[in-house]
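J.: One structure is given below, represented as structure tokens, and several questions about it will come after.
The values are calculated or read from the model by the stated rules, or taken from the named source; none is laboratory data. Predicted model only: the values in this text are computed from it and were never measured. Cβ sites come from the backbone with ideal geometry, for glycine too, and all protein chains shown count toward neighbours.
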Amino acid sequence: MVEHVIDNIQNLDVSRIVTIVGHGAEKVKETLGEKSEYVLQAEQLGTAHAVQQAESILADLEGTTLVVCGDTPLIRDETLKSLVEFHQKQNAKATILTAVAENPYGYGRIIRNEKGQVSQIVEQKDASDEQQLVKEINTGTYCFDNKALFESLKLVKNENAQGEYYLPDVIEILKAQGEIVSAFTTDDFDEILGVNDRVALSQAEEIMRARINEKHMRNGVTIINP
């Protein structure tokens, strides 16, 4: 599954790919091989903690860091490219890939201020009743100014219902510092489907087959009962 994500990232103009591994690390390394560098997250203490494990090899670098979840195999390289380009044009320290969900349950909500600017991301378990009504959700994919990312990670705390270090808290930290935080919205909700069980895996496989069939049919191939 993560190989789909890595293959799409390889289609972008990136200098390095780093995969954070934990449980099942050896199997991931065996699958990806030399497509990526690897950093071990020995304890799973949250998404911010995961990214922070790459500090020793990335923190001093200039440029843009793209963070993508390994369990979102349907994300397209075109979307990632558009996200990076938008981020750089906005001169932002962080840009969130968002989507609008008819049923946003389980996703972090994008909270905007009176000017329509992103102010914070609130996780489902920490959201108030009012915030849970918000349908714009965090997809878990981001662009960051690399140095701003690792400086902000040092300030993330685990004062939440899960007791974890959330990567979305970096957004609120950057906003509090007066930095530019932007959002880029994908209109294809399928792209951000996270595969966490066999039901979601079946859904992702169906969508992937439909994409492949459509590509072939648009190129003149007849498929019986696609």
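J.: Restricting attention to the stretch 46-66, does a residue exist that is within 30 Å of residue 212 (Cα to Cα), touching a residue at least 60 places away in the same chain (Cβ under 8 Å) and not charged (D, E, K, R)?
T.: Yes, that holds for at least one residue.
J.: How many of the residues in the stretch 149-204 are acidic (Asp, Glu) and not in a helix (DSSP H, G or I)?
T.: Final tally of qualifying residues: 6.
J.: Sticking with this structure for a sec: So, in the stretch 207-226, how many residues would count as being in a helix (DSSP H, G or I) and surrounded by fewer than 10 Cβ atoms within 10 Å (Cβ to Cβ)?
T.: The total comes to 1.
J.: Examine the stretch 193-213 for a residue that is within 19 Å of residue 111 (Cα to Cα) and aliphatic (A, V, I, L, M), and state whether such a residue exists.
T.: Within the stretch 193-213, not a single residue is within 19 Å of residue 111 (Cα to Cα) and aliphatic (A, V, I, L, M).
J.: Select from the stretch 61-88 the residues that are among the charged types (D, E, K, R) and part of a helix (DSSP H, G or I) and list them in ascending order.
T.: 77, 78, 81, 85
J.: Name the residues in the stretch 170-226 that are in contact with a Gly (Cβ under 9 Å, 6 or more places away or on another chain) and closer than 28 Å to residue 154 by Cα, would you?
T.: 192, 194
J.: Could you list, in sequence order, the residues of the stretch 82-95 that are surrounded by fewer than 16 Cβ atoms within 10 Å (Cβ to Cβ) and in contact (Cβ under 8 Å) with a residue 24 or more places away in the chain?
T.: 82, 88, 91
J.: Give the stretch 143-158 a look and list any residue that's closer than 18 Å to residue 119 by Cα and surrounded by fewer than 23 Cβ atoms within 10 Å (Cβ to Cβ), or say none.
T.: 148, 153, 155, 156, 157
J.: Quick one: would you say residue 60 is surrounded by 15 or more Cβ atoms within 10 Å (Cβ to Cβ) and of a type in the set (Asp, Glu)?
T.: No; evaluated as a whole, the condition is false for this residue.
J.: Mind checking which residues of the stretch 89-134 are farther than 24 Å from residue 73 by Cβ, touching a Pro at 6+ places or on another chain (Cβ under 8 Å) and part of a loop (DSSP other than H, G, I, E, B)?
T.: Result: 134, single match.
J.: Further question on the same structure: If you check residue 181 against the conditions, is it touching a Lys or Arg at 6+ places or on another chain (Cβ under 9 Å), surrounded by 12 or more Cβ atoms within 10 Å (Cβ to Cβ), under 23 Å from residue 83 (Cβ atoms) and β-branched (Val, Ile, Thr)?
T.: yes
J.: Name the residues in the stretch 184-194 that are modelled with pLDDT under 90 and either of a type in the set (Val, Ile, Thr) or exposed (fewer than 13 other Cβ atoms within 10 Å of the Cβ) (or both), would you?
T.: 192
This table checks each residue for (1) closer than 16 Å to residue 194 by Cβ; (2) touching a strand residue (DSSP E or B) at 6+ places or on another chain (Cβ under 6 Å).
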position	(1), (2)
57	no, no
62	no, no
69	yes, yes
72	yes, no
81	no, no
88	no, no
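J.: Going through 141, 98 one at a time, which residue ends up being touching a Cys at 6+ places or on another chain (Cβ under 8 Å) and in contact (Cβ under 8 Å) with a residue 40 or more places away in the chain?
T.: One residue alone meets the criteria, 141.
J.: What residue, among those in the stretch 118-138 that are charged (D, E, K, R) and touching a residue at least 12 places away in the same chain (Cβ under 8 Å), is surrounded by the fewest Cβ atoms within 10 Å (Cβ to Cβ)?
T.: Looking at the filtered set, the residue picked out is 125.
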